[in-house]
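No value in this document is a laboratory result; all are computed from the given coordinates. Quantities reported herein were computed from a predicted structural model and do not represent experimental measurements. A quick note on method: Cβ atoms are made from the backbone with ideal geometry, for glycine too, and the neighbour counts reach across all protein chains shown.
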């Protein structure tokens with residue numbers, strides 16, 4: 001009986017420690033959000049959204065940074081999501097299980113943990129210099145696509161792997177080809193999990209600053225980006241620029257930009273969660 005009591009005691013202790021760690025993290029996050037809201041709510045106005053950055057705090061706005069963020073994230077999603085899902089389908093549904101496959105899986109998992117600054121250096125060498133895209137929105141989107149591809153591939157493969165094998169076998173038994181099975185049976189069931197991976201990947205990309213600074217994204221842009229080849233800035237870079245200023249007014253502007261960035265992130269996540277919920281209801285079985 002004593003070993004059982006010891007296990008129960010240690011289990012209860014670990015549960016309390018885990019609960020305390022979770023509560024501490026949520027409390028710290030709540031304090032940060034309250035502090036940001038206290039500083040930033042006062043600067044949110046129509047002029048804050050419509051004005052360009054300025055060296056005068058009362059005139060500084062986030063128009064170019066907000067538009068740049070929307071451009072970069074839109075292009076990143078268009079580039080990375082199809083590539084990541086296609087790679088996951090190929091690795092999970094077509095490639096045989098052998099040493100080469102395991103080697104590829106190991107490298108994909110390792111790439112997911114590579115510091116983002118290294119992706120920035122890779123993007124600088126390939127997209128900015130070799131491909132001569134310069135400091136454009138397209139170069140930034142391609143760099144962030146490389147950053148989130150390992151996350152997308154891993155999450156999509158897990159979603160595909162969760163589809164019961166019996167569903168595939170039943171479709172094969174009725175005479176369907178492999179692509180018909182994947183398109184009509186596997187993908188619709190796996191899409192909620194794929195969307196979850198997309199949420200996580202894009203949530204990481206929208207807050208990245210180091211790769212974009214490395215490829216030469218600007219800190220001061222006083223025009224609207226109108227094409228993928230225009231120069232750009234994004235909200236994290238604008239926030240970093242304002243926080244580094246000594247004036248307290250710029251710090252309040254940075255807090256307001258953080259609130260806008262959180263709103264954009266929550267809007268993207270809400271849309272993906274809604275689509276995932278609809279797909280789960282449609283394919284519930």
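Quick notes
- Taken as Cα centroids, the range 216-250 and the range 37-61 sit 13 Å apart, rounded to the nearest whole angstrom.
- When you count the other C-beta atoms within 10 angstrom of each residue and take the mean per peptide, 205-217, 256-268 line up highest first as 205-217, 256-268.
- Helix-only mean residue ellipticity at 222 nm for the chain, each DSSP H run of n ≥ 4 adding -39500 (n - 2.57), per residue, nearest 500: -23500 deg cm²/dmol
- Relative to the longest principal axis of the Cα atoms of the chain, helix 248-282 runs at roughly 30 degrees.
- Residue 47-residue 273 FRET efficiency (beta carbon distance; Förster radius 35 Å; 0.05 resolution): 0.60
- Protection-proxy order for peptides 176-184, 132-140, each taking the mean of Cβ atoms within 10 Å per residue, highest first: 132-140, 176-184
- Segment residue 31..residue 99, full-extension length gain: 19.6 nm, with 0.36 nm per residue of separation and the alpha-carbon distance subtracted.
- Gyration tensor verdict on the chain (Cα atoms; rounded if a/c is under 1.5, prolate if a/b is larger than b/c, oblate otherwise): oblate
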